[in-house]
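Novice: Here it is, the structure in full.
The values are calculated or read from the model by the stated rules, or taken from the named source; none is laboratory data. Being a predicted model, the structure only gives us computed values, none of them experimental. With ideal geometry, Cβ positions are generated from the backbone for all residues, glycine too; neighbour counts draw on all protein chains shown. SASA here: full protein model, heavy atoms, side chains in, ligands and nucleic acids out. Shrake-Rupley method; radii C 1.70, N 1.55, O 1.52, S 1.80 Å.
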Amino acid sequence: MRKFIVTGGLGFIGSNLINILQKKYFIINIDKVSYASNHNNIDPYIKNYKFYKQDINNKIFIQNILKKYKPSIIFNLAAETHVDRSIDGPRQFIESNIIGVFNLLEAIRSYNKKIKLIHVSTDEVYGDLKKNYKSKEEDSYNPSSPYSASKASGDLLIKSYIRTYKVPAVITNCCNNFGPNQYPEKLIPTIIYKILNKESIPIYGKGENIREWIYVKDHCDALIKVAEKGVIGENYNIGSGITLNNIQIVKKIISIFKNINYDRKVKSKILLVKDRPGHDLRYCLNSSKIRNELKWKYKSNFDQRINETIIWYIDKFRNNYFKNKNFKYRIGQKT
Ligand code: NAD
């Protein structure tokens, strides 16, 4: 059985990826266990699995894991990921997203067996876009927040290691994900939790910021495709082509709550709050490369998936799935 390392596997995307991969592969999950991590995110019946509570900055540990398991692939999803937190305190973002990547690269460089690094990055590295423009893989990076700058720096370090040391890596840049297992401080779970708590829904600025939205399991399918067929040294954009502004998302979620006959009337109203500093207005990806060269397709229906996501969160809300309920960093509630 092939062995894969997933770093950050207790987080949102990493756990969804592990739950898919574990059906065919042995998975080694390395996660430092932060506020965003949850062991319940992992399939309770998982068999081919080993978890290590470790920081990717521990190079000796990573080197020993490589020697012990001889994995063929490392998916790197270990990162600090919330833009608001990066604005309030960038240091951890530098540590995980830049120095952590550097450590992984050094561990791989000193390991002389065949291995492929799939590094998961974001569309935010391309920066704010003009109307109708879609970022292409060859575009230069133009990050705006400490989060996106830290991700961009990690990507650039990888590109340099590919060229200079021939480290076999591939970078993926994905748009905004939604679906189960996401800690409720990002936009979609925040809206859902605010409705469930009968609170007003805080939205930055005028709510006109546009993002492209992908269902998390489609993103995971794309990552598996990149692991199987992605060409070393290449970048692949991963997008759905579905773009919505924040007000449109809130309205959609409220209308779904009404349609599914949630047992309380939706009382929540939109509350426009002071905008995030440096807030990019628009991201959008040109994903034709992964579609044409790797034959990946976005399969999900947005409305159906957002429906399922809402139902998942309603269930988890009732069962106290997210133990720390002081979601201090939800939009407009920074401390
Ligand atoms: P998340 O915040 O839900 O999970 C990240 C996980 O990484 C957490 O469990 C955390 O404990 C772990 N981690 C952080 N630093 C670590 C370190 N130094 N060592 C070990 N573990 C560490 O994040 P997510 O949304 O699942 O994002 C995963 C990756 O995907 C990130 O690289 C992010 O930049 C990228 N990405 C996310 C999105 C999105 O919409 N969520 C979109 C594009 C790209």
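Novice: Mind checking which aspartates and glutamates have their C-alpha under 12 Å from Lys23, skipping anything on the same chain fewer than 8 residues away?
Specialist: The reachable aspartates and glutamates, counting only those whose Cα sits under 12 Å from Lys23, are Asp43.
Novice: What is the angle, in °, between the Cα long axis of helix 216-229 and the longest principal axis of the Cα atoms in the chain? Nearest 10 is fine, range 0 to 90.
Specialist: Tilt relative to the chain: about 20 degrees.
Novice: Take Lys297 and Tyr45, extend 7 Å from each Cα along the Cα→Cβ direction, and tell me the distance between the two endpoints in nm.
Specialist: Taking the two extended label points, one gets 2.9 nm.
Novice: Something else about it: Starting from segment 1-76, pick out the trypsin sites (Lys or Arg not before Pro) whose DSSP state is loop and whose Cβ has at most 15 other Cβ atoms within 10 Å.
Specialist: Answer in residue order: Arg2, Lys23, Lys24, Lys47.
Novice: Another question about this same structure. Kindly give Rg over Rh for segment 73-214, based on alpha-carbon atoms, with the Kirkwood expression for the hydrodynamic radius.
Specialist: Details: Rg = 17.0 Å, Rh = 16.7 Å.
Using only Cα positions, Rg/Rh for segment 73-214 is 1.01.
Novice: Turning to a different aspect of this structure: On a full-extension model of 0.36 nm per residue, what is the gain between Lys159 and Asn197, subtracting their alpha-carbon distance, rounded to one decimal in nm?
Specialist: Working: separation 38, 0.36 × 38 = 13.68 nm, distance 4.48 nm.
Using 0.36 nm per residue and subtracting the Cα-Cα distance, I get 9.2 nm.
Novice: Just grab the label-to-label distance for Tyr69 and Met1, each label 7 Å out from Cα along the Cβ direction, in nm (one decimal).
Specialist: Each label point lies 7 Å from its Cα, and together they span 1.2 nm.
Novice: Only residues of segment 38-81 count here: report those whose backbone N is under 19 Å from the spot 7 Å along Cα→Cβ of Ile99, or say none.
Specialist: 54-63, 77-81
Novice: Could you please state, rounded to a whole Å, how far the C-alpha centre of segment 189-206 is from the C-alpha centre of segment 100-170?
Specialist: The distance from the Cα centre of segment 189-206 to that of segment 100-170 comes to 33 Å.
Novice: Quick check: residue separation of Asp128 and Arg109 times 0.36 nm, minus the Cα distance between them. What number comes out in nm? Please report the intermediate quantities before stating the final value.
Specialist: Values: separation 19, 0.36 × 19 = 6.84 nm, distance 3.40 nm.
Stretched out fully, the Asp128 to Arg109 stretch lengthens by 3.4 nm.
Novice: Determine the share of segment 162-203's accessible area contributed by carbon and sulfur atoms, expressed in whole percent, with a 1.4 angstrom probe.
Specialist: 44 percent
Novice: With every protein chain present, what is the per residue accessible area of the chain (1.4 Å probe, Å²)?
Specialist: Here the residues of the chain average 45 Å² of exposed surface.
Novice: Sticking with this one: What number, rounded to the nearest 500 deg cm²/dmol, is the helix-based mean residue ellipticity at 222 nm of the chain, given -39500 (n - 2.57) per DSSP H run of at least four residues and division by all its residues?
Specialist: The helix contribution divided over the chain gives -11000 deg cm²/dmol.
Novice: If you wrap a convex hull around the alpha carbons of the chain, what volume per residue comes out, as a whole number of Å³?
Specialist: It is 125 Å³ per residue.
Novice: Here's another thing I want to ask about it. What's the extension gain from Ile247 to Ile60 if we count 0.36 nm per residue and subtract their Cα-Cα distance?
Specialist: 62.6 nm
Novice: For Lys323 paired with Ile260, estimate the spin-label separation in nm (one decimal), with each label point 7 Å from Cα along the Cα-to-Cβ line.
Specialist: Between Lys323 and Ile260, the simple spin-label model gives 2.6 nm.
Novice: Check which residues have an amide H placed less than 5 Å from Cys284's amide H, if you skip close sequence neighbours.
Specialist: The answer is Ser135.
Novice: Let me ask something else. Have a look at the DSSP beta bridges in the chain and tell me what percent are antiparallel, nearest 5. Please list the in-between numbers first.
Specialist: Working: 3 of 40 bridges.
Of all bridge pairs located within the chain, approximately 10 percent are antiparallel.
Novice: Turning to a different aspect of this structure: Given 20 °C and 1.002 mPa s, how large is the Stokes-Einstein diffusion coefficient of segment 193-274 in µm²/s, with Rh as the Kirkwood radius over Cα pairs?
Specialist: 140 µm²/s
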